[in-house]
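Since the structure comes first, as C-alpha cells, the remarks are kept for the end.
The values are calculated or read from the model by the stated rules, or taken from the named source; none is laboratory data. Worth saying up front: this structure is predicted, and the values here are computed from it rather than measured. Cβ: placed from backbone, ideal geometry, glycine included. Neighbour counts: every protein chain shown.
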Amino acid sequence: MNKQKKTVLISGISKGIGAGLAQRFVDLGYELIGTVRKEEHSYGLGKVFKLDLLSAESIAEVSSKLIEHASGIDLLINNAGIGSDYNSDLSLEENFELRFKTHLFGLYSFTEAVLPLINKYGKIINMSSKLSSFAEIDKVETEKLTPTKIAYITSKTSLNMYTKILAKQVAHRGIEVLSVHPGWVRTELSKTNKNAPLAIEDAVDGIVKLIQQSNPSGTFWDATSQKQLNW
Ligand SMILES: NC(=O)c1ccc[n+]([C@@H]2O[C@H](COP(=O)([O-])OP(=O)(O)OC[C@H]3O[C@@H](n4cnc5c(N)ncnc54)[C@H](OP(=O)(O)O)[C@@H]3O)[C@@H](O)[C@H]2O)c1
C-alpha cells in the first residue's frame, strides 16, 4: 500500500452519492475502500468489501477484514442510507426498524468497529438530511410527513446526536466529526428523488469542498450552500 496516499472509507458505493464520492476520491488520488451490500463490484476503483448495516455479522466480518487490510483511515464517510418510501413487504414497525437500524444502530456499530483505524486528525462524515433539523421541520408541509418519512427523519435526527457525541469522544485524537446534508439529489433514494434539482456530481462537489476545509467538530452542514445548519 502506498503510504503517501490518503485513505477514504465510504459505505454504500454501489450507486448514488456514494458512487459519485468514490469516483471523485479516486480522481483526487485517495486510496479508496468502499462497501456494497450485494455482490462486490469494485469497477476497478479500489478495494470493495461487502457490508450490510442491518447485519451484526456482516459488520463484524467487514471490520476484521478492514483491520487486516488498512493501516489507517483518514476519512470515513458514513454514506449508506435508505429512503422514505414505504416498503410494503414490511409492517410499519419493521419499516421504522429498517431506518433506525441503517442510520443509527448499524452506522454506530460500524463506526465503533473501525474507529481504532481512523488516523489522528482524520474526519468522519455522517450523511444526514436537512429534514432532520428541528429548525427546518416547520418548513415541511404536514401532509408530506408520511409514517416512513417520519421514520427517515427521526432516524437522521438521532444520527445527528450521535455526531455530537462522537465528536466529544474523539476530540482528544483531533478527529473532526460532521453531519452533512448533501442537498436534494437525483438518486434512487426515494421515488420523489427523480425530481430533485441536484445532479450527483454537483452534490459531490459540495461535499468534497466541505471535507477539504477545516470545520468545527460536532456541527451540521448543508453541502449545497456550504452553510452551517442549526440542529
Ligand atoms: N439523495 C438525496 O437527496 C439525499 C438527501 C439527504 C440525505 N441523503 C443521504 O445521502 C446518503 C446517500 O443517498 P443516495 O441518495 O445516494 O441513495 P441511494 O442512491 O439509494 O444509495 C444508497 C446507498 O446506501 C446503500 N445501503 C442502503 N442500505 C444499506 C444497508 N443496510 N447496508 C449497507 N448499505 C446500504 C445502498 O446499497 P444498495 O445498492 O445495496 O441498495 C446504496 O449504495 C443516504 O444516507 C441518504 O439518506 C440523500
(Q) Can you pull out every residue in region 171-201 that is buried (at least 20 other Cβ atoms within 10 Å of the Cβ) and farther than 18 Å from residue 12 by Cβ? (A) 175, 176, 177
**Q.** Qualifying positions in region 121-139 - more than 13 Å from the ligand (Cβ to nearest atom) and either in contact with a strand residue (DSSP E or B) (Cβ under 7 Å, 6 or more places away or on another chain) or of a type in the set (A, V, I, L, M) (or both)
**A.** 122, 123, 124, 135, 137
Q: Go through region 121-154 and give me each residue that's more than 19 Å from residue 185 (Cα to Cα), in contact (Cβ under 8 Å) with a residue 24 or more places away in the chain and not β-branched (Val, Ile, Thr).
A: 121, 122, 123, 134, 135, 147, 151
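Conditions tested, residue by residue: (1) at pLDDT below 95; (2) crowded, with 18+ Cβ neighbours inside 10 Å; (3) within 14 Å of the chain's Cα centre (by Cα); (4) more than 30 Å from residue 67 (Cβ to Cβ).
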position: 101; (1), (2), (3), (4): no, yes, yes, no
position: 107; (1), (2), (3), (4): no, yes, yes, no
position: 112; (1), (2), (3), (4): no, no, no, no
position: 121; (1), (2), (3), (4): no, no, no, no
position: 133; (1), (2), (3), (4): no, yes, no, yes
position: 136; (1), (2), (3), (4): yes, no, no, yes
position: 148; (1), (2), (3), (4): no, yes, no, yes
Q) Any idea which residue in region 109-120 is farthest from the ligand (Cβ to nearest atom), counting only those that are touching a residue at least 40 places away in the same chain (Cβ under 8 Å) and assigned to a helix (DSSP H, G or I)? A) 116
Q: Look at region 57-69 and say how many of its residues are buried (at least 17 other Cβ atoms within 10 Å of the Cβ) and either away from the ligand (no atom under 13 Å from the Cβ) or farther than 27 Å from residue 99 by Cα (or both).
A: 2
Q) In region 78-99, which residue that is more than 11 Å from the ligand (Cβ to nearest atom) and of a type outside the set (Asp, Glu) is surrounded by the most Cβ atoms within 10 Å (Cβ to Cβ)? A) 95
Q: Being farther than 23 Å from residue 196 by Cβ, at pLDDT 95 or above and within 13 Å of the ligand (Cβ to nearest atom) narrows it down to one of 75, 54, so name that one.
A: 54
Q: Would you please name the residue that is nearest to the chain's Cα centre (by Cα), looking only at residues in region 194-205 that are in contact (Cβ under 8 Å) with a residue 24 or more places away in the chain and more than 9 Å from the ligand (Cβ to nearest atom)?
A: 204
Q: Just give me the residues in region 167-193 being within 16 Å of the ligand (Cβ to nearest atom), in contact with a strand residue (DSSP E or B) (Cβ under 6 Å, 6 or more places away or on another chain) and outside any loop (DSSP other than H, G, I, E, B), in sequence order.
A: 177, 178, 179, 180, 181, 185
Q: Among the numbered conditions (1) among the charged types (D, E, K, R); (2) within 15 Å of the ligand (Cβ to nearest atom); (3) more than 24 Å from residue 151 (Cα to Cα), tell me where residue 47 comes up short.
A: (2)
Q. Which pairs do you get when a residue that is farther than 24 Å from residue 185 by Cα, found in region 78-95, comes within reach of a residue that is within 13 Å of the ligand (Cβ to nearest atom), reach meaning Cβ atoms under 7 angstrom, with the pair 6+ apart or on two chains?
A. 90/98
Q: Any chance you could count how many residues in region 13-33 are in contact with an Asp or Glu (Cβ under 9 Å, 6 or more places away or on another chain) and within 9 Å of the ligand (Cβ to nearest atom)?
A: 3
